[in-house]
Amino acid sequence: MAPKRAFWVISRQPKEIGKFGRRPVPAQFKTIKEASDYCRELNLCKGAYHPGYFVEERIDGKPVTPPAKSAEKPGEE
């Protein structure tokens, strides 16, 4: 079976679950473009002290983490 990919718009505020106006958070989308547009709309409407929203990719319900970047490569100055 092929893994199921989904893009979620999530709040940077811990444990925020609910509706921002008429827009639910967290929200699931099938494409990154839809999720990015929704995230942009929420960030434009958020309050002054709200930390904002971001898009997270999940495969089979597990968050995808980018590969860790090393600070320096050995042998380089």
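The values are calculated or read from the model by the stated rules, or taken from the named source; none is laboratory data. Note that the coordinates shown come from a computational prediction; the quantities given were computed from them, not determined experimentally. As a convention, Cβ positions derive from the backbone with ideal geometry for all residues, glycine included, and neighbour counts pool all protein chains shown.
Which ones in the stretch 11-50 are under 21 Å from V64 (Cβ atoms) and of a type in the set (G, A, S)?
S11, A27, A35, S36
Among the listed residues I10, I59, identify the single one that is loosely packed, with under 13 Cβ neighbours inside 10 Å, in contact with a strand residue (DSSP E or B) (Cβ under 6 Å, 6 or more places away or on another chain) and not polar (S, T, N, Q).
Exactly one of I10, I59 is loosely packed, with under 13 Cβ neighbours inside 10 Å, in contact with a strand residue (DSSP E or B) (Cβ under 6 Å, 6 or more places away or on another chain) and not polar (S, T, N, Q), namely I59.
Got a number for residues in the stretch 62-74 being surrounded by 10 or more Cβ atoms within 10 Å (Cβ to Cβ) and at pLDDT below 70?
0
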